[in-house]
Amino acid sequence: MQGHDAERGHAILECCQAQVEDLDQILQLDTQAYNGKSLWPRSIYESELNSTNNEIFVLKFPENGEIVGFACCSLVLDECSITNIVVSKNHLRKGFASQLLSYMLDFGNSKGVRQWYLEVRAETNPAAVALYKKFGFESVGRRKHYYSNPREDALILQRGLDLSQIS
């Protein structure tokens, strides 16, 4: 699947699969998003890039290569688990998370994904919950005390393919 361009104001952004040379910026954004501590070490991101079942997508300015966000997922058969979506704090509330999620869903659908899953902080991440619900995700459960710093429950969200539209 080729990357696609998304116009925001006057800037053209490109969404595409991450490459090894994107890792430094991905780690920088990850550390920024999680208050100075990366969610995963570099070795995990490297293995995600080299795995046949995992994907990392980036949203960037093609003219200078600046990455403004990234998204990670794990595909197994016809299911996909979204493991992370991060947008630079300098670029929040510009629709970039929607662009990443839309690209990821299109990519997964092209690979035959029928079910999507994710966990999201139940109380302190209402913007993410709203984003996922906008894209048709529904709450199907809760994991008590799933997150730390601060300790918090996770909402389990799921999105299924509308089987009535399949002929």
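Tell me which residues come under 5 Å, amide H to amide H, from residue 146 once H is placed; ignore anything under 5 positions away on its chain.
152, 153, 154
Please turn the phi angles of segment 22-30 into ³J(HN,Hα) values with the Karplus equation 6.51 cos²θ - 1.76 cosθ + 1.60 (θ = phi - 60°), one per residue in order, whole Hz, x for glycine and proline.
8, 4, 4, 5, 4, 5, 4, 5, 4
With a sphere of radius 14 Å drawn around the Cβ of residue 54, what net charge do the other residues whose Cβ falls strictly inside it have (Lys, Arg +1; Asp, Glu -1)?
Taking every other residue near residue 54 into account, the sum is -3.
Return the long-range amide H neighbours of residue 66 (sequence gap of 5 or more, or a different chain), with a cut-off of under 5 Å between placed amide H atoms.
HN-HN under 5 Å from residue 66: 61.
Output the peptides 129-138, 93-102 sorted from most to least packed, where packing is the average of other Cβ atoms within 10 Å over each peptide's residues.
93-102, 129-138
Answer with one residue from 40, 64, 51: the one whose Cα lies farthest towards the positive end of the charge dipole of segment 1-113, charges on Cβ with Lys, Arg +1 and Asp, Glu -1.
Checked the options; the winner is 40.
What are the residues whose amide H is under 5 Å from the amide H of residue 18, where those residues sit 5 or more places off or on another chain and H is modelled from the backbone?
Here 56, 57, 58 satisfy the definition.
With respect to the cross-link table entries 111/144; 60/94; 94/133, which display a Cα-Cα separation exceeding 21 Å?
Pairs exceeding 21 Å: 111/144.
Rounded to whole Hz and in sequence order, give me ³J(HN,Hα) for segment 109-123 from the Karplus expression 6.51 cos²θ - 1.76 cosθ + 1.60, θ = phi - 60°, writing x for Gly and Pro.
4, 5, 9, x, 5, 10, 10, 10, 9, 6, 10, 9, 4, 6, 9
For the chain, modelled as a GNM with alpha-carbon contacts under 10 angstrom, which of 151, 42, 142 fluctuates the most?
It is 151.
Express the C-alpha Rg of the chain as a ratio against the empirical globular expectation 2.2 N^0.38 Å, rounded to two decimals.
Scaled against compact globular proteins, the figure is 1.02.
In whole Hz and in residue order, list the ³J(HN,Hα) couplings for segment 47-61 that follow from phi through the Karplus curve 6.51 cos²θ - 1.76 cosθ + 1.60, θ = phi - 60°; x for Gly and Pro.
5, 4, 5, 8, 7, 7, 9, 10, 9, 10, 10, 10, 10, 9, 7
Computed from the coordinates by the stated procedures, all read-outs in this text should not be read as laboratory data. All of these numbers come straight from a predicted model, not from anything done at the bench. A quick note on method: Cβ atoms are made from the backbone with ideal geometry, for glycine too, and the neighbour counts reach across all protein chains shown.
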